[in-house]
Structure formats: C-alpha cells, structure tokens
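Novice: Starting off with a structure, shown below.
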Amino acid sequence: MSADTPKSSANAMWGGRFSAGPDAIMQAINASIGFDQRLYAQDIAGSRAHAAMLAAQGILSDKDAEAIREGLLTVLSEIEAGKFVFRVEQEDIHMAVEARLTEIVGEAGKRLHTARSRNDQVAVDFRLWVRDQCDAAITGLEALMRAFLAQAEAGADWVMPGFTHLQTAQPVTWGHHMLAYVEMLARDRSRFIDARKRMNECPLGAAALAGTSFPIDRHMTAQALGFDRPTANSLDSVSDRDFALEFLSASSICAMHLSRFAEELVIWSSAQFRFVRLSDKWTTGSSIMPQKKNPDAAELLRAKLGRILGATVALFTVMKGLALTYSKDMQEDKEQVFDAADTLMLALAAMTGMVSDMQAMVDNLRVAAASGFSTATDLADWLVRELGLPFREAHHVTGTLVAMAETKGCDLPELTLADMQSVYAGIRADVFDVLGVVNSVNSRQSYGGTSPVQVRAQIARWKATLA
C-alpha cells in the first residue's frame with residue numbers, strides 16, 4: 001500500500017457495502033496480487049472469451065464487447081512490456097486487470113463482470129495455468145526420456161553390477177539400467193497426461209457458486225479456452241482444487257524418481273565407485289580442497305523433492321477441512337503450486353543436462369560387475385538346468401561354494417573344478433561358461449530382461465513411441 005493511499009477509503013470494487021477500507025495488516029494478509037499476477041495471461045484469455053460470449057448472447061453490446069477486447073489486449077501488452085503497475089489495494093490479478101481495463105475503455109469495462117464471479121474466474125485462470133504446466137512437464141519428461149534412451153543405446157551391452165541393498169546382486173547391462181528410468185518417467189508422463197484430461201473442464205459460468213440467471217453459453221466459453229466441456233456442477237466448479245492436487249501428486253512422484261537417480265549419480269561419481277564422470281557443467285569445486293569435484297547439481301535435485309512434496313502436503317492441508325463452497329483459505333492454493341511447478345521444470349532440465357553429459361566409465365563398470373560373487377545365481381540356475389537339482393539344493397550348494405571362495409579370497413570363476421566337485425561331485429567343467437558376467441547378461445533373455453537383445457528391443461519400442 002502506497003503512503004498516499006488513505007486507509008479510510010472504501011475499495012471501489014466492493015460497492016456500497018463498506019464505508020471504510022481495510023486495515024493495513026488486513027490488506028497485507030488479504031491481497032494476493034503479489035503472486036497471482038502470474039495468472040495475467042490466463043485471466044485476460046478468460047475475460048476475452050467471457051466478453052465474446054456475452055456479446056453473442058446479446059447480454060453485452062457488440063460495441064462494448066469490441067472495446068473490452070481491444071482494452072484487454074492493451075492491458076496484456078502493458079503487462080508483457082513491464083509497464084503495468086500492480087497495486088496491493090486492488091487485491092488480486094482479476095481486480096487489477098478490470099481496474100486498468102475500465103481506465104482504458106470507461107463504462108464498458110464495468111460490464112465485463114456480468115454473469116461471473118471472482119470465484120469462477122480464479123477457478124478457470126488457475127485451471128488454465130495448471131493445464132499449461134502439465135503440458136510443460138510432459139515435454140520436459142520426453143526430453144529426459146530421450147536422454148536416457150541415448151545412454152541406453154550407447155551402452156546396450158556394457159556390463160555393470162545390479163544392486164539390491166546397495167550390494168552387488170547380479171550383472172546387468174548399462175542400457176538396462178538406463179531403461180529402468182525411461183519406464184519410471186513414462187509413468188510420470190502418463191500421470192500428467194491423465195491429470196490434464198481430468199482437469200480439462202471449464203468452470204467459467206459457475207459464478208459465485210450457484211450459476212447465473214443470465215442466458216450464458218458455457219459451451220462457447222469452454223470451447224474458446226480449449227476445454228473439452230464445461231463443468232457440470234457449479235458448487236464443485238468453484239470449490240475444489242483437486243486438479244492442482246493431482247498435478248502436485250504427479251510432480252511429487254516424478255521428483256522422487258529424479259531424486260533416486262540423483263542419488264545414484266552422487267554414489268557413482270564418487271572415488272569409491274568411479275562408475276560415471278560428470279561434466280564440469282554440473283559439478284563444483286571446494287573452497288579448501290583443490291582435488292574436489294562435487295556433484296552439487298545432483299545433490300540439489302535430490303533435495304528439491306522436499307519442496308515439491310511439501311507443496312503437496314500444504315495444499316492437502318488447506319483443502320481437507322473446507323465445507324462447500326469457496327473459502328478464503330483457497331487463496332493459499334497458488335504459491336505452493338507455482339513453486340512446485342518451477343522446481344519440477346528446473347529439475348527436469350538439469351537432470352536432462354546431466355544425463356546427456358555423463359560419461360560411463362565402462363572398464364570400471366565391468367570390473368565391478370564381476371565382483372561380489374555376482375554370478376552366484378547363474379551357478380545355481382546351471383545346477384538346476386544342467387544337473388536337475390531342486391533349486392533349494394542348488395541354492396545350498398552355491399552358497400557353500402561362495403563361502404569357500406570368500407575363505408580363499410577369490411571370486412567364483414577363480415575356484416578350480418576340483419574345489420567345486422568337493423562340494424558337489426557332479427559339477428562339470430562347462431559350469432565355467434555361465435560364470436562370466438557377459439555370459440550372465442546374455443542369458444537373461446526373458447521379456448524385459450537385461451540381455452542386450454532385450455535392451456535393444458525396448459530401445460526401439462521407446463524410440464518409436466516418442467517419435
């Protein structure tokens with residue numbers, strides 16, 4: 001509030017009900033213009049569609065409708081040029097746009113609010129904005145999926161350790177590991193697509209909560225704004241924010257997936273693992289230790305999930321106790337969503353950059369793949385397949401051989417045939433054919449398995465899907 005704004009003056013938007021203006025503190029807590037000005041493009045688009053519909057229905061004269069249309073374009077250009085002055089006494093983006101419109105076109109601007117309320121106005125603005133963010137998230141996810149696909153294609157037959165409990169489990173291929181994230185991100189993408197479909201109904205025309213007595217055409221405004229249809233219940237139209245909650249929920253799951261790979265990058269780029277080399281673009285140094293190359297971008301992405309998840313919990317908390325229909329609590333819906341959307345888009349862009357730039361250290365991956373008795377399951381499977389042992393007995397024999405190798409300080413392929421036959425006499429020399437990591441991954445031919453043949457088939461499927 002500017003120093004020359006009298007506290008006692010009534011807000012012209014309220015009409016004659018109030019004889020005095022709000023207290024300065026009330027004005028500060030009540031105003032949302034500081035953040036909802038971000039909805040200016042959606043607000044003006046909704047107003048243009050509403051004015052065109054009012055004119056088509058004979059509720060507004062063609063002359064006034066044309067003045068409003070031109071005036072709104074002027075307001076839009078002023079905002080985009082940075083010339084528009086947002087004033088806290090105007091409370092929100094809706095009042096700010098309408099006030100400036102009225103300054104430009106006069107009485108016609110005062111007719112724009114016919115047959116609508118700020119309740120349905122903010123509902124349509126916010127829904128349009130979140131819909132745009134779904135589109136942006138889908139585009140960002142597809143770019144990241146392509147980056148993972150490129151890595152998978154480059155290393156379809158590079159062997160590396162697969163982990164459970166962060167301990168070596170079985171050999172897998174680099175391509176297979178990269179494709180795991182393509183699958184996760186594809187589900188994230190589908191969640192945003194589904195959420196977009198559900199939110200693509202237009203609340204404009206629900207008015208305050210009960211609809212309007214004016215003969216409006218809600219199908220016309222819905223079509224003009226790219227919605228599939230108008231919402232079917234005016235109470236629900238203005239009182240729910242499940243479309244924003246669904247966007248936040250999808251964002252939280254997506255951010256969780258990004259955080260998991262960020263964690264792997266932190267581990268893999270360490271001196272202890274040396275699985276990947278991150279480029280200088282995504283790392284920083286230390287102010288005291290000259291040898292350090294820290295994976296700060298990955299660490300920050302790992303942390304940013306907290307912001308998105310926090311926004312989700314915050315909006316659930318706002319909405320959970322509200323009786324129908326609109327309550328002022330719902331003004332607290334936007335800042336959380338704005339921040340979460342910004343954070344998600346930044347995270348997707350940064351992760352795409354890191355995945356595109358990272359270099360797999362293939363020799364180190366291969367050495368690590370062969371460590372930790374990673375082919376023990378292959379040995380057990382061979383005992384079942386070639387010698388007919390029940391799997392539980394084969395498991396016991398293999399476990400005994402692993403213990404022997406551990407005592408000898410060697411890996412399974414380094415045991416002699418005599419060593420193996422001392423545990424189970426029927427073991428033959430061809431057992432060593434299955435103990436190499438390359439043989440191991442090549443043998444995993446089941447659909448969705450880690451063999452290079454399966455990996456390349458999945459790469460081709462995803463490239464076709466994203467084409």
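The values are calculated or read from the model by the stated rules, or taken from the named source; none is laboratory data. Nothing here was measured: the structure is a model prediction, and the numbers come from that model. With ideal geometry, Cβ positions are generated from the backbone for all residues, glycine too; neighbour counts draw on all protein chains shown. All accessible areas refer to the heavy atoms of the entire protein, side chains included, with ligands and DNA or RNA removed. Shrake-Rupley method; radii C 1.70, N 1.55, O 1.52, S 1.80 Å.
Novice: Rounded to the nearest percent, how much of the accessible area of region 118-272 (1.4 Å probe, protein heavy atoms only) is carbon and sulfur?
Specialist: Of the solvent-accessible surface of region 118-272, carbon and sulfur hold 51 percent.
Novice: Given charges of +1 on the Cβ of Lys and Arg and -1 on the Cβ of Asp and Glu, with all other atoms neutral, how large is the dipole of the chain about its Cα centre, in debye to the nearest 20?
Specialist: That gives a dipole near 180 debye.
Novice: May I ask you to evaluate 6.51 cos²θ - 1.76 cosθ + 1.60, the Karplus curve with θ = phi - 60°, for each residue of region 24-37 and list the ³J(HN,Hα) values in order in whole Hz, giving x for glycine and proline?
Specialist: 4, 5, 4, 5, 5, 6, 7, 6, 10, 4, x, 10, 7, 4
Novice: Same structure, new question: Taking the chain as the reference, fit the longest principal axis to its C-alpha atoms, fit the long axis of helix 296-319 to the helix C-alpha atoms, and give the angle between the two in degrees, 0 to 90, nearest 10.
Specialist: 50 degrees
Novice: Using a Förster distance of 45 Å, how high is the FRET efficiency between I25 and M289, based on the Cβ-Cβ distance and rounded to 0.05?
Specialist: The value I calculate is 0.35.
Novice: Under the Karplus relation 6.51 cos²θ - 1.76 cosθ + 1.60, θ = phi - 60°, what is the ordered set of whole-Hz ³J(HN,Hα) values for region 355-372, x standing for Gly and Pro?
Specialist: Couplings: 5, 5, 8, 5, 10, 6, 8, 4, 5, 5, 4, 5, 4, 5, 5, 8, 8, x Hz.
Novice: Which of the peptides 100-109, 345-354 is most tightly packed, and how do the rest follow, judged by the mean count of other Cβ atoms within 10 Å per residue?
Specialist: Descending mean neighbour count gives 345-354, 100-109.
Novice: Counting other Cβ atoms within 10 Å of each Cβ, which trypsin sites (Lys or Arg not before Pro) in region 390-466 have at most 15 and sit in a DSSP loop?
Specialist: Taking region 390-466 and a limit of 15 other Cβ atoms within 10 Å, the loop trypsin sites (Lys or Arg not before Pro) found are R428.
Novice: With the full set of protein chains in place, find how many percent of the accessible area of region 25-114 is carbon and sulfur; take the probe as 1.4 Å.
Specialist: Reported share for carbon and sulfur atoms: 51 percent.
Novice: Rounded to the nearest 500, what is the 222 nm mean residue ellipticity of the chain from helices alone, with -39500 (n - 2.57) per DSSP H run of 4+ residues and division by all residues?
Specialist: -19500 deg cm²/dmol
Novice: Something else now. Counting only pairs 8 or more places apart or on different chains, how many lysine pairs in the chain have C-alpha atoms closer than 15 Å?
Specialist: 4
Novice: Let me ask something else about it. Using mean Cβ contacts within 10 Å as the protection proxy, how do 235-243, 319-327, 61-69 order, highest first?
Specialist: 235-243, 61-69, 319-327
Novice: From the backbone phi of region 144-161, what are the Karplus-calculated ³J(HN,Hα) couplings (6.51 cos²θ - 1.76 cosθ + 1.60, θ = phi - 60°) in whole Hz, Gly and Pro given as x?
Specialist: 5, 4, 5, 5, 5, 4, 4, 5, 5, 5, 5, x, 4, 10, 6, 8, 8, x
Novice: To the nearest 20 debye, what charge dipole does region 25-114 have about its Cα centre, counting +1 at the Cβ of each Lys and Arg and -1 at the Cβ of each Asp and Glu?
Specialist: For region 25-114, the charge dipole is close to 60 debye.
Novice: Here's something else I'd like to know. Simple spin-label model, 7 Å along Cα-to-Cβ: E80 to V362 in nm?
Specialist: About 4.9 nm separates the two model spin labels.
Novice: Strictly greater than 40 Å: what percent of every Cα pair in the chain meets that?
Specialist: I get 42 percent for the Cα pairs in the chain exceeding 40 Å.
Novice: For region 25-114, max minus min Cα coordinate along each principal axis, in Å, sorted largest first?
Specialist: Principal extents (largest minus smallest coordinate, Cα): 42, 27, 21 Å.
Novice: Kindly report the accessible area of region 25-114 per residue (heavy atoms of protein chains, probe 1.4 Å, no ligands, DNA or RNA), in Å².
Specialist: 45 Å²
Novice: Let me ask something additional. Can you tell me how region 57-186 classifies by the Cα gyration tensor, rounded, prolate or oblate, using a/c under 1.5 as the rounded cut?
Specialist: Prolate shape, in that a/c is at least 1.5 and a/b is the bigger ratio.
Novice: In Å², what does the accessible area per residue of region 367-457 work out to with a 1.4 Å probe?
Specialist: Per-residue value: 50 Å².
Novice: Residues of region 279-333: accessible area per residue at 1.4 Å, in Å²?
Specialist: On a per-residue basis, region 279-333 sits at 62 Å².
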